[in-house]
Amino acid sequence: MEREDQGTVLLARAGSQGEWEDACAAFPDVTAFHRYDFLQSVAPSLRCQFMPLTVMFRGQVVGVAPLLVKRLGPFTSINYAPFPYLGPLVPPELIPATLSALRLKARRLRALNHQQSFAQLVPADSAGGFTSVADRTFVIPLDGRSDEELLAAMSSSRRQQIFRAIRRGFEICPADPADFRLMEVWLRQVFAAQGMRPEYRPGVYERMFGALKDAPGSVLHAVRLDGRTVAVDISFSNGRRAFGWQAAVDPSYRSKHPQVLLVWHRLQWARDTGAIEFDTVGAPNEGIATYKRSFGAVERRYTVLHTQAGPYRMANSALGQVRRRLLRSSAAGGPGPDLGLTQ
């Protein structure tokens, strides 16, 4: 068993998925992004290896520390993923020692970038050696709320869109593999419109469907109209919290609001399976934040810790200087050399 010693805290590879899940179950702030099956399934699509480390104190397993390790030649990047909360679950008093052990692990892995995230705010004095920032998500409370109460918390326009989508004949159905090929196409179009590349490798959603479709706490649904798929959703739960991971809509049907009907179905499913809240997962801009608030979501802040190795910072600085020289050359009328910096 691989171990890393740092004072009173040990990091040890989990012996099994069951050991991992048992350790996670002790924490009320466990998330779907701590699920062993999710991390194991998603890692290849991020070109990463999943390292399931348990945290030990005085001979007992007291938590977990998931690592997604991406190889960059002789170096690595740790826990840079397009979903939140990827970080240790440990008792609050052990956070500083656990982070120290993780920094040692990162050095041994020759990590250029190292990130650890939490599902709540962590005191800045716990984050020695990391830069601490606060990010946000939006959470919809579900505990004890009826359909009428959930709808009342929404804006009137959202309620009307849900009712109109139902009247139009949109139906929520179990998804099948072909639906996730459509999801990939639609999301690729969204990224292309913003000049960005997709976050995951091709085929990820169909593979995740195959791996997780029968797993407890996984819901994979499609919205169909006259047999045609017009929206697709993947949501997960863990403990008493549910999370929206991915959703996509056929652009030609967006104005008919099948995606709003999917959100409504997500909330009903989460509540009926015992979740006390539904985490809509992030808000990268104010437009998305406003959209999520319209469903009755409230803002919640959480801590993201990150650090970069010296060589990476130097390389990044040098690259920035090259880019600035290219921009000055372009402004002066010269095209500048093509160094492949935009590839």
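The values are calculated or read from the model by the stated rules, or taken from the named source; none is laboratory data. These numbers were taken from a predicted model, which means no experiment stands behind them. Positions of Cβ are backbone-derived with ideal geometry, glycine not excepted, and every protein chain shown enters the neighbour counts.
Can you find a residue in the range 196-204 that is in the same structural domain as Gln246 (by TED's automatic domain parsing) and not in a loop (DSSP other than H, G, I, E, B)? Within the range 196-204, one or more residues are in the same structural domain as Gln246 (by TED's automatic domain parsing) and not in a loop (DSSP other than H, G, I, E, B). Restricting attention to the range 20-36, the residues being surrounded by fewer than 17 Cβ atoms within 10 Å (Cβ to Cβ) and either in contact with a Ser or Thr (Cβ under 6 Å, 6 or more places away or on another chain) or not in a loop (DSSP other than H, G, I, E, B) (or both) number 1. Pairing each residue of the range 287-304 that is without any contact (Cβ under 8 Å) to a residue 12 or more places away in the chain with any residue that is surrounded by 13 or more Cβ atoms within 10 Å (Cβ to Cβ) and outside any helix (DSSP H, G or I), provided the two are 6+ apart or on different chains, yields no C-beta distance under 6 Å. None of Ala215, Ala247 is under 22 Å from Val42 (Cβ atoms), in contact with a Lys or Arg (Cβ under 9 Å, 6 or more places away or on another chain) and surrounded by fewer than 18 Cβ atoms within 10 Å (Cβ to Cβ) except Ala215. Taken together, the criteria exclude Leu182 from residues that are under 20 Å from Thr280 (Cα atoms), in contact (Cβ under 8 Å) with a residue 24 or more places away in the chain and assigned to a helix (DSSP H, G or I). Inspect all residues belonging to the range 257-268 and state whether any of them is part of a loop (DSSP other than H, G, I, E, B) and at pLDDT below 95. There is no residue in the range 257-268 that is part of a loop (DSSP other than H, G, I, E, B) and at pLDDT below 95. Beta carbons closer than 8 Å, at least 6 apart along the sequence or on distinct chains, pair a first residue in the range 270-286 that is in a loop (DSSP other than H, G, I, E, B) with a second that is of a type in the set (Val, Ile, Thr) for Thr280/Thr137; Thr280/Val139; Thr280/Ile140; Val281/Thr137; Gly282/Thr137; Gly282/Ile288; Ala283/Thr137.
Of everything in the range 154-203 that is out of contact with any strand residue (DSSP E or B) (no Cβ under 9 Å at 6 or more places or on another chain) and of a type in the set (Val, Ile, Thr), the residue that is nearest to Ile140 (Cα to Cα) is Ile162.
Remark: pairs (first residue in the range 36-65, assigned by TED's automatic domain parsing to the domain that holds Arg201; second residue charged (D, E, K, R) and assigned to a helix (DSSP H, G or I); Cβ separation under 6 Å; 6+ apart in sequence or on different chains) are absent. Any residue that is modelled with pLDDT of 95 or more, touching a strand residue (DSSP E or B) at 6+ places or on another chain (Cβ under 7 Å) and aromatic (Phe, Trp, Tyr) - is there at least one of those in the range 304-320? Among the residues of the range 304-320, not one is modelled with pLDDT of 95 or more, touching a strand residue (DSSP E or B) at 6+ places or on another chain (Cβ under 7 Å) and aromatic (Phe, Trp, Tyr), which makes the answer no. Taking Tyr200 as the residue in question, decide whether it is aromatic (Phe, Trp, Tyr), touching a helix residue (DSSP H, G or I) at 6+ places or on another chain (Cβ under 7 Å) and within 30 Å of Ala309 (Cβ to Cβ). Here the answer is yes, as Tyr200 does meet what is asked. Condition (residue is buried (at least 19 other Cβ atoms within 10 Å of the Cβ), more than 20 Å from the chain's Cα centre (by Cα) and modelled with pLDDT of 95 or more) applied to the range 77-85: is it met by at least one residue? Scanning the range 77-85 turns up no residue that is buried (at least 19 other Cβ atoms within 10 Å of the Cβ), more than 20 Å from the chain's Cα centre (by Cα) and modelled with pLDDT of 95 or more. Can you find a residue that is over 16 Å from the mean Cα position of the chain (by Cα), assigned to a loop (DSSP other than H, G, I, E, B), crowded, with 18+ Cβ neighbours inside 10 Å and not small (Gly, Ala, Ser) anywhere in the range 37-51? The answer is no; no qualifying residue exists.
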